[in-house]
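*Asks:* Okay, here's the structure, questions in a sec.
The values are calculated or read from the model by the stated rules, or taken from the named source; none is laboratory data. The model shown is predicted, which means the values in this text are computed figures rather than measured ones. Every residue, glycine among them, receives a Cβ derived from its backbone with ideal geometry; neighbour counts consider all protein chains shown.
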Amino acid sequence: MPTPVQLDVISDTICPWCFIGKRRLEKALALRTDVDVDVRWRPYQLDPTIPPGGKDRREYLEAKFGGPEGARKIYDNIRAAGADEDIAFAFDKIERTPNTINSHRLIRWAATADRQDAVVERLFRLYFLEGGDIESPESLVAVARETGMDADLVAELLAGDADVDLVEREIRTAQKIGVTGVPCFILANSFGVMGAQSADVLADAIDRALAQPAEAEGAQA
């Protein structure tokens, strides 16, 4: 059997472009059903200064984008891009911009239960479509339960600092390799595709990653 193509998706759970990027990746994978792609979700924090408990979203975005008009223009564009991917962003429902470390811890643990995609999807939908909480242990335990994880174990882990250091280390590693924005798709540990690129671009990148072993063999011949 051919070796699966490893695809690491570096993202943040409060990044709307990462939700859009997930939809475009799904389309790319649908274009390459004959290729075994091992998708792994990796952490990033667009703003690690957000404190536990988060910040008022309107105040935060207006400060970040130079007032209400700047924030409106940015998010009107995101809303339009989301509509193209059948994502009905409900930004008006979001009251707070959370710290995302806990959500990344949950995604990390989901990998061992083979539930990463389900957990990432639920977190995006909870935050962007429902305006829900993706930071508190209570909410994340509910996500774990809904997606088929061991909710009691997740509650126990969230009660302490389990894997906080490992999540932060992964984020620093992403920064060291040059990731300055998300989503970022790393293929075969060799090259990256920055941004929420189209399905065609991502499918072509999968082809390129798939061809790498053959290219290496040709170079050695």
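*Asks:* Got a number for residues in segment 81-106 being part of a helix (DSSP H, G or I) and among the hydrophobic types (A, V, I, L, M, F, W, C)?
*Replies:* 5
*Asks:* Residue pairs, Cβ under 6 Å, 6 or more apart or interchain, first in segment 46-59 and closer than 19 Å to Arg172 by Cα, second in a loop (DSSP other than H, G, I, E, B) and acidic (Asp, Glu). List them.
*Replies:* As it stands, the answer is Leu46/Asp12, since those pairs meet every condition given.
*Asks:* Are any residues in segment 107-135 aliphatic (A, V, I, L, M), farther than 15 Å from Asp12 by Cβ and part of a helix (DSSP H, G or I), and if so, which ones? Give the steps one after another, and end with the answer.
*Replies:* Taking segment 107-135 and keeping what is aliphatic (A, V, I, L, M), we get 107, 110-111, 113, 118-120, 123, 126, 129, 134.
Within this subset, residues satisfying the condition of being farther than 15 Å from Asp12 by Cβ are 110-111, 113, 118, 129.
Result: Ala110, Ala111, Ala118, Leu129.
*Asks:* From the list Glu217, Glu170, Glu138, exactly one residue is in a helix (DSSP H, G or I), at pLDDT 95 or above, more than 18 Å from Val9 (Cβ to Cβ) and of a type outside the set (A, V, I, L, M, F, W, C). Which is it?
*Replies:* Residue meeting the stated conditions: Glu138.
*Asks:* Restricting attention to segment 145-167, and to residues there that are part of a helix (DSSP H, G or I) and within 18 Å of Pro98 (Cα to Cα), which single residue is farthest from the chain's Cα centre (by Cα)?
*Replies:* If we filter segment 145-167 for residues that are part of a helix (DSSP H, G or I), which is where we start, we get 145-146, 151-158, 164-167.
Then drop every residue that is not within 18 Å of Pro98 (Cα to Cα), which leaves 158, 164, 167.
Numbers: Leu158: 20, Val164: 17, Val167: 13 Å.
So, considering only residues that are part of a helix (DSSP H, G or I) and within 18 Å of Pro98 (Cα to Cα), the one farthest from the chain's Cα centre (by Cα) is Leu158.
*Asks:* Of everything in segment 29-76, what is within 21 Å of Ser139 (Cβ to Cβ), among the hydroxyl-bearing types (Ser, Thr, Tyr) and outside any loop (DSSP other than H, G, I, E, B)? Give them in sequence order.
*Replies:* If the condition is that a residue be within 21 Å of Ser139 (Cβ to Cβ), among the hydroxyl-bearing types (Ser, Thr, Tyr) and outside any loop (DSSP other than H, G, I, E, B), then Tyr60 is the only one that fits.
Residues checked against (1) among the charged types (D, E, K, R); (2) closer than 14 Å to Pro43 by Cβ:
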{"position": "Ala113", "(1), (2)": "no, no"}
{"position": "Phe128", "(1), (2)": "no, no"}
{"position": "Ala144", "(1), (2)": "no, no"}
{"position": "Met149", "(1), (2)": "no, no"}
{"position": "Asp163", "(1), (2)": "yes, yes"}
{"position": "Glu168", "(1), (2)": "yes, yes"}
{"position": "Ile171", "(1), (2)": "no, yes"}
